[in-house]
Structures are given as structure tokens and as C-alpha cells.
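Peer 1: My questions all concern the structure below.
The values are calculated or read from the model by the stated rules, or taken from the named source; none is laboratory data. Being a predicted model, the structure only gives us computed values, none of them experimental. Cβ sites come from the backbone with ideal geometry, for glycine too, and all protein chains shown count toward neighbours. When the accessible area is computed, the model is the full protein with side chains, heavy atoms only, and any ligands, DNA or RNA have been set aside. Shrake-Rupley method; radii C 1.70, N 1.55, O 1.52, S 1.80 Å.
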Amino acid sequence: MPLTMSSVLIFSVFGLLAAAIVTALLYSMFDWLRPALKRLLGSGSTLSDRAGSLRRRWSRRQTDEEAGDDLDDSTAALISMLNTVSIVVDESDEVVRANPDAYALGVVSDDAIVNEYVLEQVRLVRVKGGRRQFDLTTDTPERFVSLPADAPESGGAYGNDRSDASASVQMVSRPNWLKVTVGRINGHFVVVLLDDVSESIRFAQLRDSFIVNVSEQLLAPTQDLERLADALERGDLDLEQIHAQARQVRLSSRHLSHMVSDLLLLIKAQEPVTPSESNRLDVKEQLDWVASTLADESSRFGTPIAVSCEEGLSVNGEREQIRAAVGKLVENAMTYSLRGSTVSVSAQRSKDGKEAVIRVIDRGEGIAKAEQPRVFERFYRGANQNERTAEGIGLGLAIVKHVALTHHGSATLWSAPKQGSTFTLTLPLAHRAAVD
């Protein structure tokens, strides 16, 4: 029987309605599965565990939709527009939505909140309502802090043929300072908002360290000058004594100048570096510059510098900062090495071909395992000091650490007693395709 125009119209309308319903269902499923798939790809749990979790969540979602208690689209859209990191938790304490940064900040793992205090506040708000605000400090999980691709898994030699059971590889990371707000969306969902204020906290700490330490260091040259002025005024010193006190004034002033210079460099190393064609640096050129600059000091200490570098390595970064970081490592190696021993500086591609691995190896006494976790702290000085390190102020390795982090790289230490130390600065290789 031929179709009439009205029949065609009716069939078309039904077809459009069916297509719209199917599209809406698929979009809803995709919107719900998208965060789950992201967590699945980034999770360390087994596929069977994740599949079971997805099935349980799907079952609950169907139940919630029947009851009309699902997280509505407008609320979800509002949460996604916030500048803060957001986490949505259901009535069984399972994370149903989470910004990826929540994992890197150490608050969420898999489908759960791993910070006990945050979880406690979520449960309290769910029962009593209202809003909770508090400060929280977390550590970045190890899987988000990369060691060099060719770092040893445990102990053993690192960049050389030395090995020792007590040796270890220490890597650097920054704590996360967060302002947390917890509030109830409805009877089923609680939202956790994380405002990462780490950069402002770090700047404030660095500013305070600058003021306190400069103030303390100003006392030494001021007191030396005062003693010299008193002696000159009394006129009871011979020329040799005056010269001795003048040398002390110069030494104190040089120490102060060194500290101020390092602190200013440390402040500058807090600024993020954006890769571009204009800041591509040849690695070999930077290593050769450092070796040339420290040639006189190397001769005075009797510790020659041997540089080797794989051809064609380039990174994106601030020239002054990278030279300063490598220079600090080489200076440290020279001051802690025995006279006549060689300081080795090398650079090569990592095993995965994505990073430039710069190593500075000394043949000194090594660093005790108990001290190794603290060597990258500002103003920290270890117990194995000598006459060469008397003028040190404990900022060199802190500078290395911050230069590494600012350049999206890492700084690590391998050391063992009587076997020396290997400091490694790892930086992402520059890629023209990424910056053109």
C-alpha cells in the first residue's frame, strides 16, 4: 500500500524521537563513563577490580536515577567550571567524579579519598550538613614524581660501577599546601574543593628565609667592621694585626655577598619555564661553560673536571639557571673530593629517549644514608664538612632542586660511604615540533 504524506511525516517524527532518545542515552553513558575511564587508565589496580567497581557504580546509578537522586547536569556543569580542584563523593564514600589534579595532590587514589582527615570531614558534612573549611598539607605520590628513566630500582650503582647495600637514590618533590572546602550537594553527594596555594606558600617561606638569613649574616661583617674601627681608633694595633682584621672583614663581606646572590637565584628559580624556540639550549655548550668557568678553582683544589656529552642534546630552559645548577653540583663535587681525584660531568639521553640525564660524580667520602633525604633542603649542611666548605651556606643543592622542578625535570642523589656521590639533573629534551 503506498505511503501517504501524513504517514511519511508520522514515521519521520517517530524516527527523530528515537534517534534523539538513543543519542541522549549514549551521551549520558559517555559523560558518566569518561571520568571512570580516565581513572581506569591511570590506576594501578587490576582490570578485574576496576570492572567490578564499574559494575557496582552502574548498579547504584540505575537505582539513584529511579529515585531521582543522581547528580544533575546543572550541578555537574557548575562544578566543572570552578577553578579549584573538585571531588564528588557518594553516600558510600566512593569518589564518583574527580579532577585529575586530585590524584597528583595525594588526596584521591583509585575511587577513594586516601586522606583520613578529609574523609572524616566528608562524613561529618554528610550527616550534619553545613560547610567545613581547613588547611591541609599533602605529599605528591611517588608515581607522579619521576625518577630518571634509567635510575636503578634499589641500591646498587648509579651511573658508575660502584655498589653498596646501604646506597640509595633520593629524589626531590614539593609538598602541596591546600585550602579545602567540604560541602553537601544533596542527601547522596558531598563535594570537596581543593585550592592549591603551594606557590604562594613557597614564595612566602623563601621570602622569610631571605629576610632572616640575610639579617643574621649581616651581623658578621658589621661586627668585624666595628672591631676594626675600634682598633684603628685606639691605635694600639700594629700593621699586621690591622691587615688580619681587614682580611676578616673582606671574608665576611664575601660570604654575605655569596649568600645574597644564591638567594636571589633561588627566588628566580621559582618562576615557571615555558618551552619555546627562543630558549633552546645546547647541553654540551652549558657543560663546557661551567667547566671553563670553574677551571681556576679546579686547579686550586687539585680536582680536574672531565666533561663528556652525547651529541645533539638540547633542552628548553633559562641559561643562567641551568648553568648555575650544574655549576653548584660541580663546585660541591670539587670541595668534597680528595685532591688528585677527577670530577666527572656527563650528559646522555635517557633510555626512553625523552630526557637529558646530566650526572656529576665525585670520589669523596660519600653522604651518610640518614642525611641523604635532607641534602636538598635550604640552608642544610651535612656533618662531613671540611676546610674547603667553610664558606658554604647550604643553598647550592636547594638551587639545583628548584631549577629541576621549574624546568619540569628532577634532581636525584646516589651516595654510599667511602664511595662518593652521584648527583643527577634530569631535564626534558627539547622537541621542535612541540615549540614551533
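Peer 1: Regarding segment 322-331, can at least one residue be identified that is open to solvent by 20 Å² or more (accessible area, probe 1.4 Å) and in contact with a strand residue (DSSP E or B) (Cβ under 6 Å, 6 or more places away or on another chain)?
Peer 2: no
Peer 1: Okay, moving on. Which of the following residues is open to solvent by less than 40 Å² (accessible area, probe 1.4 Å), in a helix (DSSP H, G or I) and either in contact with a Leu (Cβ under 6 Å, 6 or more places away or on another chain) or without any contact (Cβ under 8 Å) to a residue 40 or more places away in the chain (or both): A231, A244?
Peer 2: Residue meeting the stated conditions: A231.
Peer 1: Between residues in segment 89-104 that are touching a residue at least 12 places away in the same chain (Cβ under 8 Å) and residues that are surrounded by 20 or more Cβ atoms within 10 Å (Cβ to Cβ) and assigned to a helix (DSSP H, G or I), which pairs lie under 6 Å by C-beta distance while being six or more apart or on different chains?
Peer 2: Sorted first by the residue in segment 89-104, then by its partner, the pairs are V89/V122.
Peer 1: Scan segment 317-360 for residues that are closer than 18 Å to T426 by Cβ, among the aliphatic types (A, V, I, L, M) and outside any strand (DSSP E or B) and jot them down.
Peer 2: Those that are closer than 18 Å to T426 by Cβ, among the aliphatic types (A, V, I, L, M) and outside any strand (DSSP E or B): I322, A324, A325, V326, L329, V330, A333.
Peer 1: Can you spot a residue in segment 199-207 that is crowded, with 16+ Cβ neighbours inside 10 Å, in a helix (DSSP H, G or I) and touching a helix residue (DSSP H, G or I) at 6+ places or on another chain (Cβ under 8 Å)?
Peer 2: The answer is yes; a qualifying residue exists.
Peer 1: Output the qualifying pairs, or none if there are none: Cβ atoms under 6 angstrom, residues six or more apart or on different chains, first residue in segment 180-192 and closer than 22 Å to L105 by Cα, second residue of a type in the set (K, R) and part of a strand (DSSP E or B).
Peer 2: From segment 180-192, the pairs are V182/R132; G183/R131; V190/R184.
Peer 1: Collect the residues in segment 247-286 that are of a type in the set (D, E, K, R), open to solvent by 70 Å² or more (accessible area, probe 1.4 Å), in a helix (DSSP H, G or I) and under 22 Å from R202 (Cβ atoms), keeping them in residue-number order.
Peer 2: K268
Peer 1: How many residues does segment 91-103 hold that are closer than 11 Å to V122 by Cβ and crowded, with 21+ Cβ neighbours inside 10 Å?
Peer 2: The number of residues fulfilling the criteria is 1.
Peer 1: Being within 20 Å of L265 (Cα to Cα) and modelled with pLDDT under 90 is the filter here, so list the residues in segment 321-350 that pass it.
Peer 2: N332
Peer 1: Among (1) within 20 Å of L265 (Cβ to Cβ); (2) charged (D, E, K, R); (3) at pLDDT 85 or above, which single condition is E391 missing?
Peer 2: Of (1) within 20 Å of L265 (Cβ to Cβ); (2) charged (D, E, K, R); (3) at pLDDT 85 or above, only one is false for E391: (3).
Peer 1: With the condition kept exactly as written, say whether any residue in segment 159-179 is charged (D, E, K, R) and modelled with pLDDT of 85 or more.
Peer 2: Checked segment 159-179: at least one residue is charged (D, E, K, R) and modelled with pLDDT of 85 or more.
Peer 1: For residues in segment 62-81 being closer than 21 Å to D111 by Cβ, surrounded by 11 or more Cβ atoms within 10 Å (Cβ to Cβ) and under 35 Å from the mean Cα position of the chain (by Cα), which is modelled with the lowest pLDDT?
Peer 2: If we take residues in segment 62-81 being closer than 21 Å to D111 by Cβ, surrounded by 11 or more Cβ atoms within 10 Å (Cβ to Cβ) and under 35 Å from the mean Cα position of the chain (by Cα), then L71 is modelled with the lowest pLDDT.
Peer 1: For segment 70-103, which positions are assigned to a loop (DSSP other than H, G, I, E, B) and either among the basic types (K, R) or closer than 20 Å to G187 by Cα (or both)?
Peer 2: D70, L71, D72, D90, E91, S92, D93
Peer 1: One residue is enough: does segment 108-130 have a residue meeting the conditions in contact with a Lys or Arg (Cβ under 7 Å, 6 or more places away or on another chain), basic (K, R) and in contact (Cβ under 8 Å) with a residue 40 or more places away in the chain?
Peer 2: Scanning segment 108-130 turns up at least one residue that is in contact with a Lys or Arg (Cβ under 7 Å, 6 or more places away or on another chain), basic (K, R) and in contact (Cβ under 8 Å) with a residue 40 or more places away in the chain.
Peer 1: Taking segment 104-139 on its own, how many of its residues are in a loop (DSSP other than H, G, I, E, B), of a type in the set (V, I, T) and crowded, with 16+ Cβ neighbours inside 10 Å?
Peer 2: Residues flagged as in a loop (DSSP other than H, G, I, E, B), of a type in the set (V, I, T) and crowded, with 16+ Cβ neighbours inside 10 Å within segment 104-139 amount to 1.
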